[in-house]
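The structure under discussion appears below in the form of structure tokens.
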Amino acid sequence: MNDDTIGVALRDAANHLRLSGSLAEAARRGAARRIRRRRATVVTACAAAVTVAATAASLVTELHRALASPSGDPAFAPRDATAADVARWAGGARRSVEQGFALLERLAPTLDARSRPLALAACGRRMDAFAKLDEIVNALGGPSAAGILSRHHGDYHLGQVLRTEHDWMIIDFEGEPARPLAERRALNSPARDVAGMLRSFAYAAATAASHNDADRERAAQWETMARTAFLHGYGDTTAPALIDLFELEKLFYELAYELNNRPTWAWIPLLGIEKMLTASVV
């Protein structure tokens, strides 16, 4: 990956996240310095990915521990997941898939040259998506593997992590804006935040390859390293199928969002959907 590609990729990721002081912006500034010095390499880019991912993991781990603390306030008191919770999550993911495909089938012919082929191919994979969802739910194995419910961030991605003079901080706890307020305030699985950050890495990697198809393989390596470092740093990945469930739901949430608001970006979740439908469930 050449100097200019790294700089463009991280700048675009920062623009996508729309926060000039974010972790993504810090990464962009670091890339800009490397561009001026002409010393950016794949090794430094991957090392930066590990550093960024480890920071994001450490912060959200600390956040989740705090939010899982005992509380006398029912709105904050954590509790064990139940079979009803797992069924509700599976139902929510199914609705997200259904809504995504309904929009996709209507809008696929109107998309630009980049997104249209991916969209038309995805339109024929509705049943594959539902089969993948069933596979994930079966792999979860029931509520005992689903951990606890607590308050969580709700929209955790690179742009929500800011660098202060001496530390890092997480901002913007309003949750995903397209979801009802009651749903955003409800107790939920912390694994949702994990899935959100994994998708944020995917967006950064996709923009890294958006200007040069030859960089797709290297961008994929960057994403793989970031995902691995984040999951390792987070530590509590005892239910990988639960993360898969929320990541699948997030993918189709992103698809609906992009189709409704930024159709030229639809290719990013479409690539993610294609990748997830062909991946094996852990």
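The values are calculated or read from the model by the stated rules, or taken from the named source; none is laboratory data. For clarity, every value in this text was computed on a predicted model and none was experimentally measured. Every residue, glycine among them, receives a Cβ derived from its backbone with ideal geometry; neighbour counts consider all protein chains shown.
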Worksheet entry | Residue in the stretch 163-172 that is polar (S, T, N, Q) and surrounded by 14 or more Cβ atoms within 10 Å (Cβ to Cβ) present | no
Discussion item. Among the listed residues ALA129, ALA108, ALA122, identify the single one that is touching a residue at least 12 places away in the same chain (Cβ under 8 Å), buried (at least 20 other Cβ atoms within 10 Å of the Cβ), more than 21 Å from the chain's Cα centre (by Cα) and closer than 18 Å to ILE268 by Cα.
Written reply: ALA108
Discussion item. Need the failing condition index for ASP236 against (1) more than 15 Å from ALA49 (Cα to Cα); (2) under 12 Å from the mean Cα position of the chain (by Cα); (3) of a type in the set (Asp, Glu), just the number.
Written reply: (2)
Discussion item. Give me the residue from the stretch 52-90 that is without any contact (Cβ under 8 Å) to a residue 60 or more places away in the chain and farther than 21 Å from HIS153 by Cα and, out of that set, surrounded by the most Cβ atoms within 10 Å (Cβ to Cβ).
Written reply: ALA87
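For every residue, the table says whether it meets (1) buried (at least 18 other Cβ atoms within 10 Å of the Cβ); (2) outside the structural domain of ALA129 (by TED's automatic domain parsing).
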| position | (1), (2) |
| --- | --- |
| ALA208 | yes, yes |
| ARG218 | yes, yes |
| PHE230 | yes, yes |
| PHE246 | yes, no |
| LEU251 | yes, no |
| GLU258 | yes, no |
| THR264 | no, no |
| PRO269 | yes, no |
| ALA279 | no, no |
